[in-house]
Amino acid sequence: MTSAVGSPTSDTPSELPEYDISRPARCPLDPAPAMRARQAEGPLTRIRLWDGSTAWLVTGHAAHRAALSDQRVSVDPMRPGAPKLSAGEASMTEELRKRGRDSVGMSFIMMDDPEHIRLRRMATSAFTIKRIEALRVPTQRIVDELIDTMLDGPNPVDLVEAFALPVPSLVISELLGVPYDDHDFFQTSSKAIINRHTSGEERLGARQQLIDYLGGLLSEKLTNPAEDLLSGLAERIKAGQLTHEEATEMGVLMLFAGHETTANMITLGTLTLLQYPDQLALLRDTDDPKLIASAVDELLRWITITHGGLRRVALEDIEIAGQVIRAGEGIIPVNETANRDPAVFPDPDRLDITRDARLHATFGYGIHQCLGQPLARMELQVVYPTLLRRIPTLALAADLGEIPFKHDGFVFGAYELPVTW
């Protein structure tokens, strides 16, 4: 039982519901049933994690925003009480602790202010609306060329391999100044990092490979700069604003986040539209940029590829949704349930690309809100209408139950998506 305000008075971990993000095959794009059950109980519930520890699960939209915007809540995974969602994540944190975080580097998205904001400011110029809009024409060219190749090739085809993964990989490679010929390497390393079953040592090893790779490219940019973001980071190194290690971490983050997440969103967004032909037709037949932008935000809301929740820990006693969270207690704000909160999105399980879904939680909220969201939105605004118009007979080439979904990762998606036309 819990008191109206305060921590549980008599619940023991064994009595608490388990943290369960599994999604049944019949509805893989919906939030996990266990998550929805917790949401029905209230915006904040206590749950038991895989290792017997406990945390607060935040499922309501308002509570989600409150948790992510409170300066008394930390994102640092090294702090005592910070929740770990798998054995692999826990072992990675333990490896960091043993080696010392400085030996492997830490991305600023895992830092608190003031260090977080100092480093984040160094990267914001890369994702201004003006700079991203300048990429729209090159992105359109990349998308059209990949569709040309698909149409000239075998039918059916795996959309992930032929289209969904190459699009963001090519775009982020062009933006950063990373040779696309190396895409197999950085995609393999990225997959190892986000797989929840990867051990801590393996995950750190894959991450170190990316660090070594980007660090080498940065060293080249110091002597041979070009018109790309890595060269911009190299200039900040020369100016003494960033260390080589800090700039490398930024490059790794941009490379990793810039292709893996968007690739999954292209895959699942296409799958979703194929399941809802009325919505597909609306998007395919419009040239209204407002409706296209609305459709992208609705798909981002409805799918939510950040699978299972974010991780935070309270630094002080705080109150959210009438419940006191004590200092040192873990907090897991869940994006997919915040995105299906009927208090904010009426009839939330209905896909409606005409609705105003801009308040969705997919990019997070507060000081750690996703820095690359303008890039992701722009790519998706180009991808969906172009794909649907150029291949109007696009259809699944397999039953939904035959599609291999990424239930084993922190970023949800599909390993393959067979399509035909």
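A few notes on this one:
- Within region 126-150, the set of residues being at pLDDT below 90 and either of a type in the set (A, V, I, L, M) or open to solvent by 30 Å² or more (accessible area, probe 1.4 Å) (or both) comprises A126, T128, I129, K130, R131.
- Residue in region 223-234 that is in a helix (DSSP H, G or I) and either touching a strand residue (DSSP E or B) at 6+ places or on another chain (Cβ under 9 Å) or over 26 Å from P138 (Cα atoms) (or both) present: yes
- Going through (1) modelled with pLDDT of 80 or more; (2) open to solvent by 50 Å² or more (accessible area, probe 1.4 Å); (3) part of a helix (DSSP H, G or I) one by one, G205 falls short only on (2).
- Across region 151-191, the number of residues qualifying as free of Cβ contacts under 8 Å to residues at least 60 places away in the same chain, open to solvent by less than 30 Å² (accessible area, probe 1.4 Å) and closer than 23 Å to I403 by Cβ comes to 2.
To keep it simple, each residue is scored yes or no on (1) acidic (D, E); (2) more than 15 Å from G251 (Cβ to Cβ); (3) in contact with a helix residue (DSSP H, G or I) (Cβ under 9 Å, 6 or more places away or on another chain).
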position	(1), (2), (3)
R141	no, yes, no
E161	yes, yes, no
I172	no, no, yes
G177	no, no, yes
Q187	no, yes, yes
S190	no, no, yes
Q209	no, no, yes
K221	no, no, yes
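Here's the yes/no breakdown for (1) open to solvent by 10 Å² or more (accessible area, probe 1.4 Å); (2) in contact with a strand residue (DSSP E or B) (Cβ under 6 Å, 6 or more places away or on another chain); (3) modelled with pLDDT of 95 or more; (4) more than 25 Å from S169 (Cα to Cα):
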{"position": "I325", "(1), (2), (3), (4)": "no, yes, yes, yes"}
{"position": "R358", "(1), (2), (3), (4)": "yes, no, yes, yes"}
{"position": "L371", "(1), (2), (3), (4)": "yes, no, no, no"}
{"position": "Q381", "(1), (2), (3), (4)": "yes, no, yes, no"}
{"position": "L388", "(1), (2), (3), (4)": "no, no, yes, no"}
{"position": "L400", "(1), (2), (3), (4)": "yes, no, no, yes"}
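- Close pairs from region 256-268: first in contact (Cβ under 8 Å) with a residue 12 or more places away in the chain and of a type in the set (V, I, T), partner assigned to a helix (DSSP H, G or I) and open to solvent by 10 Å² or more (accessible area, probe 1.4 Å), Cβ under 6 Å, at least 6 apart: T262/A376; T267/V160
- Verdict on R340 being open to solvent by 10 Å² or more (accessible area, probe 1.4 Å) and under 19 Å from the mean Cα position of the chain (by Cα): no
- The residue of region 17-35 that is modelled with the lowest pLDDT, among those that are surrounded by fewer than 17 Cβ atoms within 10 Å (Cβ to Cβ) and under 18 Å from A55 (Cβ atoms), is S22.
- Here is the figure for region 264-286: residues that are open to solvent by less than 40 Å² (accessible area, probe 1.4 Å) and in contact with a strand residue (DSSP E or B) (Cβ under 9 Å, 6 or more places away or on another chain) total 6.
- For region 50-69, a residue qualifies if it is open to solvent by 10 Å² or more (accessible area, probe 1.4 Å) and under 11 Å from V313 (Cα atoms), and exactly one does: L68.
- Just one of (1) closer than 30 Å to R301 by Cβ; (2) in contact with a Lys or Arg (Cβ under 9 Å, 6 or more places away or on another chain) fails for L119. It is (2).
- Within region 287-323, considering residues that are open to solvent by less than 10 Å² (accessible area, probe 1.4 Å) and either part of a strand (DSSP E or B) or among the basic types (K, R) (or both), the one nearest to F345 (Cα to Cα): R301
- Qualifying residue in region 235-245 (condition: closer than 27 Å to V167 by Cβ and assigned to a helix (DSSP H, G or I)): no
The values are calculated or read from the model by the stated rules, or taken from the named source; none is laboratory data. Computed from a predicted structure; not experimentally measured. For neighbour counting, all protein chains shown are included, and Cβ atoms are generated from backbone atoms with ideal geometry for every residue, glycine included. Note: accessible area is taken over every heavy atom of the protein model, side chains too, but ligands, DNA and RNA are not part of it. Shrake-Rupley method; radii C 1.70, N 1.55, O 1.52, S 1.80 Å.
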